[in-house]
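Note sheet for the following structure.
The values are calculated or read from the model by the stated rules, or taken from the named source; none is laboratory data. Everything numeric here is computed off the predicted structure, so don't read it as measured data. Virtual Cβ from ideal backbone geometry, glycine too; neighbours counted across all protein chains shown. The area values use the complete protein model at the heavy-atom level, side chains included, leaving out ligands, DNA and RNA. Shrake-Rupley method; radii C 1.70, N 1.55, O 1.52, S 1.80 Å.
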Amino acid sequence: MREITLGQYYPVRSVIHSLDPRAKLVLMIAYIVMIFFVDTFVGYGLVLLFLLLVIFLSKVPLGKVLKSLKMILFLVIFTVVMSVLFYNGNENDLLWGWGIIRIYSQGLINAGKMALRLIFLVLGPTILTFTTTPVQLTDALESLLKPLSYIKVPVHSLAMVMSIALRLIPTLVEETDKIQNAQKARCADFETGNIFKRAKAMLPVLIPLFVSSFRRADELADAMDSRCYRGAKGRTRMKKMHFRLRDAVSLLIFALFFFVILWLRYNFFPAFFDLSLLTWLV
Amino acid sequence: MSIIQLQDVYFTYNRASDSEVRAVNGVTLSINEGEFVAIVGHNGSGKSTLAKLMNGLITPDKGKVTVAGLDTANEKNLFDIRRNVGVVFQNPDNQMVATIIEDDVAFGPENIGMPSDQIRERVYESLKSVGMYDYREGTPHRLSGGQKQRVAIAGVLALRPRVMVLDESTSMLDPRGRADVMKVVNDLNKKEKMAVVMITHFMEEAVTADRIIVMNEGRIYMQGGKEIFKRQAELESIGLTVPLASRVANRLREKGVVIDEDVTTYEELVNKICPLE
Ligand SMILES: Nc1ncnc2c1ncn2[C@@H]1O[C@H](COP(=O)(O)OP(=O)(O)OP(=O)(O)O)[C@@H](O)[C@H]1O
Ligand SMILES: [Mg+2]
C-alpha cells in the first residue's frame, strides 16, 4: 500500500509546534507580505538568519525543509534563466554577449534576488505545515474568519468541509489504488500510451470512485447526524486554542523584525543609523 | 421499562416513484433498558432501515417510533433522541470525522456542547473501555478494521447513550476483529447495563442475545430466545443459516436423542453429548 502522509507534518514537541495555530497562520501571512519588502542581499541575509533560527527551534531537520524546495527547483531555474536572458541593461554593464544573448551583471543580480524571493516565499508555508497539523490549520482558519459569520458567511461549514476533505483524502487514495489494481487484474493498462490513452484508461477507475464517494458521503452524513451534529450551534471543542504569552512574544518579535526589514528598505530615521554604510556591502 | 418503541411502523424508499421499495412493513417492537437484542435477517430484509428508524435518521410513513417517550417524527426531539440511541454503522471508514483518534471520539461530546475538560475525560474513558486508549494520538487510517470499529464504538460511547445499535458492525471484520468487537459490546451490556441492538446476518452473533428478532421482507418473521434455533427449517427457508452446533443438536433430536436444552455453541454441544451414552 502507498504510504499517504497528509501534508507533511513533522510530529515532535517544540516551541514552534506549541504556538497557537492562529498565531502561526497570521505570522505566515505577515511573513509573506514582508518578503515583498526585501530588496537587498542584506535583507535576504537577515531573513535567512531568522528562518534558520525558526527551523532550529522547530526541531525539524534542515534537510527535510530543504527537500521541500525540490518541487520549486524547476520554477526557480526557469525564472533565473528567463530574467537573465531578457534583462535589458546598460551596454557598459555587459558581462558577456554572443549574438542576441547578452548577459548584464545587473541582470544577474536581479535574477538572484528573484530566486531568493521565490525560495523564501515557499519556506514560510513549508515551516508552517511542518509544525502544524491540517486540522489545527482549519480550526485556526475557522477561528480567524469567525467575524465573517456575522455577515452570514458559513465559516463553520466551510471549515468542516475542509477538515472532512482532509480526512477523506487518504481513504480515497487507497480506494483509487484498489480499483486500479482490480482493473489491472483485468488487463487494464495505465502505464503506456499517450496522455489521452492514459486518461481514457483512468475513466473506468474514476466512475466507480465517484459513485462510491457519494455513497461514502451519504453514510458519513448519517454517522455525523447520529452523533448529534447540528452545525456550529452549541458546539464546543475538546482542544481549545489558547493564545498564550509565548504567542504574544512571537508576534512581538516578528513585528520588530518586520520593522527592521522596512527600515532597511525605506531608511527612515537616517540620522539614527546610516544604512548606506551597510549597502556598500552589496 | 422500554426505551425504544416501534408501533406498527411502515417505511418505503423512493415513495411515489417507479423505484419504490417497501423496506419495513408493519413492525411493532420495543427495546427495553439493559436488554441485548439481536436482529437477524438476510440481505434486504429491512434491518438497516429499522436501525435508521430507531434514531430518527428516517421517520416512518405510517406508525410511530418513540425513544424515551419522544416521537422521532418531531424534529425538535431528534437531538435528545440521538443522545439516547447511538448507532455504529457497517463501514468504519465512513464514520470517522477526524484525522486523529481522540479528536474523532470527541466529536459527539463536542456537538452536545460539553466543557473541554469534561470532553477529554469522557474520551479517555470511552477509549479505555474499548481498549484503544494507547492509540489515542494516532491516526485511524493506520488501524486494522477491528480497531477502527472499536474507535467508532468509543465515539458513540462518549455520548453515553442508553441504547447502542450496531448495524452489521462486524461484517467487514476478520474473525479476530469480530471477536474483539463482540467482547467489547458484551462487556458494555453486562457491566454498564447498556441496552444493545445487534443487527447481523450471522446467526452465531445472535446466540448471546436475550432476545432474537428474525426479519424477513420488512416484517418480524419470528422472535424469541435461543429456542428459535430449533425451528431450523423455517429459518433456512428465509435464507438464514442456523449455527452449526444447533444444527447438529437438531439432527440428533430428529434421530431420537433427547436434548432438551437449547444448544447454540460448540461448548454447549460437547457438554450435552459427552454425558450421554
Ligand atoms: N437508500 C435507499 N434507497 C432505495 N432503496 C433502499 C435504500 N436503502 C435500502 N433500500 C432497499 O430497502 C430494502 C431494505 O434494505 P435494508 O438496507 O434495510 O436491508 P438490510 O436488511 O439492512 O440488508 P443488508 O443485509 O444488505 O444490509 C432493500 O430492498 C433495499 O434494496
Ligand atoms: Mg443493512
Checklist entry - In the stretch A:194-237, which residues become less accessible by 30 Å² or more once every protein chain is in place, relative to the chain on its own, using a 1.4 Å probe? => result A:216, A:219, A:220, A:222, A:223, A:225, A:226, A:227, A:228, A:230, A:235, A:236
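Which whole number gives the average, over all residues in B:78-91, of C-beta atoms from other chains lying within 10 Å of the residue C-beta?
Values: counts 3, 5, 1, 1, 6, 2, 0, 1, 3, 5, 2, 5, 1, 5.
If you average over the peptide's residues, the count of other-chain Cβ atoms is 3.
Mind putting a number on the dipole of the protein assembly as shown about its Cα centre? Charges go on the C-beta only, +1 for Lys and Arg and -1 for Asp and Glu, and I need it in Debye to the nearest 20.
For this selection, approximately 1080 debye.
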Checklist entry - Using a simple spin-label model with points 7 Å from Cα along the Cα→Cβ vector, what separation in nm is obtained for residue A:30 and residue B:144? => result 5.0
Checklist outcome for this item: In Å², rounded to a whole number, the accessible area per residue of chain A with probe 1.4 Å is 62
Checklist outcome for this item: A convex hull over the alpha carbons of the stretch A:187-227 yields, per residue, a volume in Å³ of 76
Checklist entry - Peptides B:92-105, A:209-222: what's the order by average Cβ count within 10 Å, highest mean first? => result B:92-105, A:209-222
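Restricting things to Cα coordinates, could you compute the convex hull volume per residue of the protein assembly as shown in Å³? Don't jump to the answer; show the numbers that get you there.
Values: hull volume 132.0 nm³, N = 559.
Cα-based convex hull of the protein assembly as shown, divided per residue, equals 236 Å³.
Relative contact order, percent, of chain A when contacts are C-alpha pairs under 8 Å separated by at least 6 residues? Please list the in-between numbers first.
Working: 201 pairs, mean separation 81.5, N = 282.
About 29 percent, as a whole number.
Could you tell me whether the stretch B:80-184 comes out rounded, prolate or oblate from its Cα gyration tensor? Rule is a ≥ b ≥ c as square roots of the eigenvalues, rounded for a/c under 1.5, then prolate if a/b exceeds b/c, otherwise oblate.
Values: a/c = 1.78, a/b = 1.30, b/c = 1.38.
Oblate.
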Checklist entry - With the contact rule set at Cα under 8 Å and sequence spacing of 6 or more, what percent relative contact order holds for the stretch B:116-251? => result 17
Next on the checklist: Quick check: net charge around residue A:188, other residues with Cβ under 15 Å of its Cβ, Lys/Arg +1 and Asp/Glu -1?
Outcome noted: +3
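Shielding by partners for B:97-104, please: the mean number of other protein chain Cβ atoms within 10 Å of each residue's Cβ. Provide the component values of the computation, followed by the final result.
Details: counts 10, 5, 12, 4, 0, 2, 8, 2.
If you average over the peptide's residues, the count of other-chain Cβ atoms is 5.
Considering only the other residues whose Cβ falls under 15 Å of the Cβ of residue A:231, what net charge follows from Lys and Arg at +1 and Asp and Glu at -1? Display every interim value, and only then the final one.
Working: positive: A:146, A:152, A:227, A:230, A:233, A:235, A:237, B:82; negative: A:142, A:225, B:75, B:110.
Charge balance in the 15 Å sphere: +4.
Rounded to the nearest 100 Å², what is the sum over both chains of accessible area buried where A meets B, with a probe of 1.4 Å? Mind showing how you got there, number by number?
Values: alone 18990 and 13780 Å², together 29610 Å².
Counting both chains, the buried surface is close to 3200 Å².
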Item to check | Value at 222 nm in deg cm²/dmol, rounded to 500, when DSSP H runs of n ≥ 4 in chain B each add -39,500 (n - 2.57) | outcome: -10500 deg cm²/dmol
Checklist entry - Share of the stretch A:80-144's accessible area from carbon and sulfur, percent, 1.4 Å? => result 67
Checklist entry - Tally Lys and Arg at +1 and Asp and Glu at -1 over the other residues with C-beta under 11 Å from the C-beta of residue B:37: what net charge comes out? => result -1
Checklist entry - Which angle between 0 and 90 degrees, to the nearest 10, do you get for helix A:70-85 versus the longest principal axis of chain A when only C-alpha atoms count? => result 40
Item to check | Separation of the residue A:98 and residue B:260 label points, Cα + 7 Å toward Cβ, nm | outcome: 10.8
Next on the checklist: Need one word for the stretch B:185-270: rounded, prolate or oblate. Basis is the Cα gyration tensor (sqrt eigenvalues a ≥ b ≥ c); a/c below 1.5 gives rounded, then a/b vs b/c decides.
Outcome noted: oblate
Checklist outcome for this item: Rounded to the nearest 10 degrees, the helix B:116-129 long axis (Cα) sits at an angle to the longest Cα principal axis of chain B of 20
Next on the checklist: To the nearest 20 Debye, how big is the dipole of chain A about its Cα centre, given +1 on the beta carbon of each Lys and Arg and -1 on that of each Asp and Glu?
Outcome noted: 900
Checklist entry - Among rounded, prolate and oblate, which fits chain B when a ≥ b ≥ c are the square roots of the eigenvalues of its C-alpha gyration tensor, a/c under 1.5 means rounded, and a/b larger than b/c means prolate? => result oblate
Item to check | Farthest toward positive dipole pole in the stretch A:133-243 [+1 Lys/Arg, -1 Asp/Glu at C-beta], among A:150, A:185, A:166 | outcome: A:150
Checklist entry - So what's the angle, to the nearest 10 degrees on a 0 to 90 scale, between helix B:145-157 and the longest Cα principal axis of chain B? => result 60
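Taking every DSSP beta bridge that has both residues in chain B, what percent is antiparallel when rounded to the nearest 5? Before the final figure, lay out the partial values.
Numbers: 21 of 39 bridges.
The antiparallel proportion sits near 55 percent.
Ignoring ligands, DNA and RNA, what accessible area per residue does chain B give at 1.4 Å, in Å²? Provide the component values of the computation, followed by the final result.
Values: 12250 Å² over 277 residues.
I get 44 Å² per residue for this part.
Of the listed peptides B:217-230, A:131-144, B:255-268, what is their order by residue-averaged count of other C-beta atoms within 10 Å, with the highest listed first?
Working: B:217-230: 17.1, A:131-144: 20.3, B:255-268: 13.4.
The most tightly packed comes first, giving A:131-144, B:217-230, B:255-268.
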Next on the checklist: I need the per residue convex hull volume for the stretch A:1-129, using only the alpha carbons, in cubic angstrom as a whole number.
Outcome noted: 135
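Per the helix-only calculation at 222 nm, which mean residue ellipticity applies to chain A, given -39500 (n - 2.57) for every DSSP H run of n ≥ 4 and division by its residues, nearest 500 deg cm²/dmol? Working shown, then result.
Values: 11 runs with 187 residues, N = 282.
Calculated mean residue ellipticity at 222 nm is -22000 deg cm²/dmol.
From the P(r) of chain A, could you give the percentage of C-alpha pairs in the tail past 33 Å?
Values: 18256 of 39621 pairs.
When all Cα pairs of chain A are counted, 46 percent exceed 33 Å.
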Next on the checklist: Please list the three semi-axes, largest first and in whole Å, of the ellipsoid equivalent to the stretch A:133-243, using sqrt of 5 times the eigenvalues of its alpha carbon gyration tensor.
Outcome noted: 38, 16, 13
Item to check | Student exercise, the stretch A:133-243 dipole from Lys, Arg, Asp, Glu Cβ charges, in Debye to nearest 20 | outcome: 320
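Over the stretch A:133-243, calculate the relative contact order: mean separation of alpha carbon pairs under 8 Å at least 6 apart, over the residue count, as a percent.
Numbers: 40 pairs, mean separation 25.4, N = 111.
Reported relative contact order: 23 percent.
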